[in-house]
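What follows is a short report on a single structure.
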């Protein structure tokens with residue numbers, strides 16, 4: 001449970017994260033109340049515990065849920081300019097995407113570039129009937145026209161700051177906080 | 001987690017263990033792609049991969065081309081036969097031409113050792129050695145290691161017997177090196193005339209199958225008998241080779257009994273190093289080597305970066 005030393009300030013405490021997760025799950029449940037199955041797909045890395053947290057809540061509400069994860073590295077548009085090559089985690093979507101209702105889950109949306117890559121990759125797996133985006137934090141600053149359908153918290157921050165999200169699942173605690181970008 | 005890219009892949013010897021691990025680990029998600037409806041990712045969109053084969057090889061070339069296609073690169077083959085190479089254009093002139101075409105990756109095969117390294121020094125493009133003389137064939141070694149790792153939880157301690165023309169084989173050189181780097185034991189079985197005179201002391205050298213089987217290998221790796229070598233005086237005839245060093249039907253029975261894995265870099269000479277029965281052996285990994293070759297080459301292309309600074 002070590003806290004990063006460069007934390008500037010908290011945006012959501014543990015109770016706040018849980019409240020956001022509950023609200024988003026309730027909104028998804030309401031929107032798709034006539035749907036028998038919903039697929040939640042987390043974008044690696046912290047989109048995965050985010051999607052899992054939503055999946056647990058939807059299952060608790062009696063919903064049938066498919067779960068998957070995607071690693072968008074192969075779809076990034078900045079690979080040629082990166083100084084290191086990221087290790088691939090691999091994607092895992094072992095349910096039938098055809099005609100599925102898919103909620104793509106990522107912990108933060110900012111420029112929209114990850115969302116672009118995630119949507120493009122998802123569509124290479126098959127042809128879902130509908131895709132929606134869920135994020136825990138919607139940060140202003142879009143560079144591409146992608147908007148979330150569900151967001152727990154909306155923020156506008158100076159460009160030198162970045163949003164960090166932690167989930168009990170994987171990190172040991174729930175929190176959203178702000179810290180500076182790492183020095184390049 | 002992440003890895004500094006290299007510009008070129010010329011041999012196994014210059015790779016660190018971490019780099020080998022990185023390439024092998026990333027090949028797994030690339031292989032997963034083959035099961036999807038769209039077997040293609042945009043990773044190398046806008047990049048050009050050129051295959052420059054001074055020695056013919058349909059299989060290796062196709063494998064690289066399929067790998068590059070599945071990464072969305074543009075793939076071009078520089079046709080040596082119809083190019084000015086036959087008119088005496090030097091390798092350096094060819095490379096300058098390619099440099100002007102601004103290709104990003106050059107996959108080179110040449111009968112002379114060291115040519116891919118020479119080209120690498122003279123171009124900004126990433127160069128991948130697809131086999132040079134007796135020197136190295138690093139992507140073959142990587143795909144062999146990847147294929148075995150799918151079968152062995154831990155390669156450390158596993159025993160591979162490499163059979164054939166060890167002396168003149170870049171495959172033997174690169175593959176035995178990567179196997180040992182991954183903690184495996186390697187032994188050679190070859191006629192005395194084509195057994196290298198100097199091998200590392202930890203590699204046992206056998207002159208017949210009985211002794212080699214007594215070493216208790218887990219994997220039998222057959223090398224291709226190069227037909228052009230058959231005319232050379234020190235090389236046994238095809239029938240003699242088959243009888244003494246080939247995987248005969250009787251030897252396939254030993255593999256069956258013991259459940260040994262069988263590998264071969266292809267293309268095979270049926271009736272020389274292997275029989276039809278050997279080709280149908282249920283624990284043959286030969287077809288998996290071909291499939292894995294594409295995934296491993298995708299992983300190599302993903303890692304290398306044109307213009308990367310060599311440390």
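Any read-out appearing in this document is the output of simple, stated calculations on the displayed coordinates, not a laboratory observation. Keep in mind that what you see is a predicted model, and the values were worked out from it rather than measured. Methodologically, a virtual Cβ is constructed for each residue, glycine included, from the backbone with ideal geometry; neighbour enumeration extends over all protein chains shown.
List A:130, A:105, A:20 from most exposed to least, where exposure is judged by having the fewest other Cβ atoms within 10 Å.
A:130, A:20, A:105
Calculate, axis by axis, the spread of Cα positions in the stretch A:1-54 along the three principal axes, and write the results as whole Å, longest axis first.
So the extents along the principal axes, rounded to whole Å, are 46, 22, 15.
Can you tell me how chain A classifies by the Cα gyration tensor, rounded, prolate or oblate, using a/c under 1.5 as the rounded cut?
Details: a/c = 1.75, a/b = 1.22, b/c = 1.43.
Judged from the Cα gyration tensor, chain A comes out oblate (a/c at least 1.5, b/c at or above a/b).
Using the alpha-carbon atoms, what tilt in degrees (0 to 90, nearest 10) does helix B:58-70 show relative to the longest principal axis of chain B?
Roughly 50 degrees between the two axes.
Two decimals is fine: what's Rg over Rh for the stretch B:152-284, C-alpha atoms, Kirkwood radius as Rh?
0.93
Give me the Kirkwood hydrodynamic radius of the protein assembly as shown, using the inverse of the mean 1/r over all pairs of distinct Cα atoms, in Å to one decimal.
25.4
Treating the angle as unsigned and between 0 and 90°, give the value, to the nearest 10°, between the Cα long axis of helix B:249-258 and the longest Cα principal axis of chain B.
Long axis of B:249-258 versus the principal axis of chain B: about 90 degrees.
As a test of the definition: which semi-axes, in Å, follow for the stretch B:1-115 when you take the square root of five times each eigenvalue of its alpha carbon gyration tensor? Largest first, please.
Semi-axis lengths for the stretch B:1-115 are 27, 18, 13 Å.
Give me the inter-chain shielding for A:85-93: mean count of other chain Cβ atoms within 10 Å, whole number please. Let's see the in-between values first.
Details: counts 12, 5, 8, 11, 5, 8, 5, 2, 1.
Partner Cβ neighbours, averaged per residue: 6.
Go ahead and run the numbers for FRET between residue B:58 and residue A:60, Cβ-Cβ distance against an R0 of 51 Å, rounding to 0.05.
Numbers: r = 57 Å, r/R0 = 1.12.
The computed FRET efficiency comes out at 0.35.
How would you order B:120-133, A:55-68, B:100-113 from highest to lowest mean count of nearby Cβ atoms within 10 Å?
Descending mean neighbour count gives B:120-133, B:100-113, A:55-68.
Measure off 7 Å from each Cα along the Cα-to-Cβ vector at residue B:238 and residue A:96, then give the distance between these two points in nanometres to one decimal.
Simple spin-label model gives 5.1 nm for this pair.
Where is the GNM fluctuation largest for chain B (alpha-carbon springs, 10 angstrom cutoff): B:246, B:207, B:293?
B:207
Distance in nm between label sites at residue B:150 and residue B:283, each 7 Å beyond Cα in the beta-carbon direction?
If labels sit at residue B:150 and residue B:283, their model points lie 1.7 nm apart.
When only Cα pairs under 8 Å and 6 or more residues apart are kept, what is the percent relative contact order across chain B?
22
How do A:175, A:35 line up, fewest other C-beta atoms within 10 Å first?
A:35, A:175
Classify chain B from the C-alpha gyration tensor, please: rounded if a/c falls under 1.5, else prolate or oblate depending on whether a/b exceeds b/c.
prolate
So how many Å³ per residue does the convex hull of the Cα atoms of the stretch A:103-173 work out to?
Enclosed volume per residue, from the Cα hull, is 106 Å³.
May I ask for log10 I(q)/I(0) of the stretch A:1-94 at q = 0.14 Å⁻¹, from a Debye sum over the Cα atoms as equal point scatterers with solvent left out?
-0.71
Which whole-number percent gives the relative contact order of the stretch A:76-184, counting Cα pairs below 8 Å spaced six or more residues apart?
Once divided by the residue count of the stretch A:76-184, the mean separation gives 21 percent.
Stokes-Einstein D for the stretch B:142-221 at 25 °C, 0.890 mPa s, Kirkwood Rh over Cα pairs, in µm²/s?
It diffuses with D of about 194 µm²/s by this estimate.
Using Cα-Cα distances under 8 Å and only pairs 6 or more residues apart, what relative contact order does chain A have, in percent?
Reported as a whole number, the value is 27 percent.
Could you line up A:131, A:108, A:17 from fewest to most neighbouring Cβ atoms inside 10 Å?
So the residues, fewest neighbours to most, are A:131, A:108, A:17.
Per DSSP helix of 4 or more residues, -39500 (n - 2.57); summed, then divided by the residues of the protein assembly as shown. What does that give at 222 nm, rounded to the nearest 500? Provide the component values of the computation, followed by the final result.
On the way: 15 runs with 165 residues, N = 495.
When only DSSP H runs of four or more count, the value is -10000 deg cm²/dmol.
Over the whole of B:21-31, what's the average partner chain Cβ count within 10 Å per residue? Rounded to a whole number, please.
Values: counts 1, 3, 0, 0, 4, 8, 1, 3, 9, 3, 1.
Mean partner-chain Cβ count within 10 Å for B:21-31: 3.
Give me the inter-chain shielding for B:301-307: mean count of other chain Cβ atoms within 10 Å, whole number please.
The mean count of partner-chain Cβ atoms within 10 Å per residue comes to 2.
Measure nothing fancy, just the Cα-based angle from helix B:286-303's long axis to the longest principal axis of chain B, in degrees from 0 to 90, nearest 10.
30
Highest mean first, how do B:194-203, B:155-164 rank when packing is the count of other Cβ atoms within 10 Å averaged over residues?
Put in order of decreasing packing, that is B:155-164, B:194-203.
Take peptides B:134-146, A:149-161 and line them up by average Cβ neighbours within 10 Å, highest first, as a rough protection proxy.
Packing order, densest peptide first, comes out as B:134-146, A:149-161.
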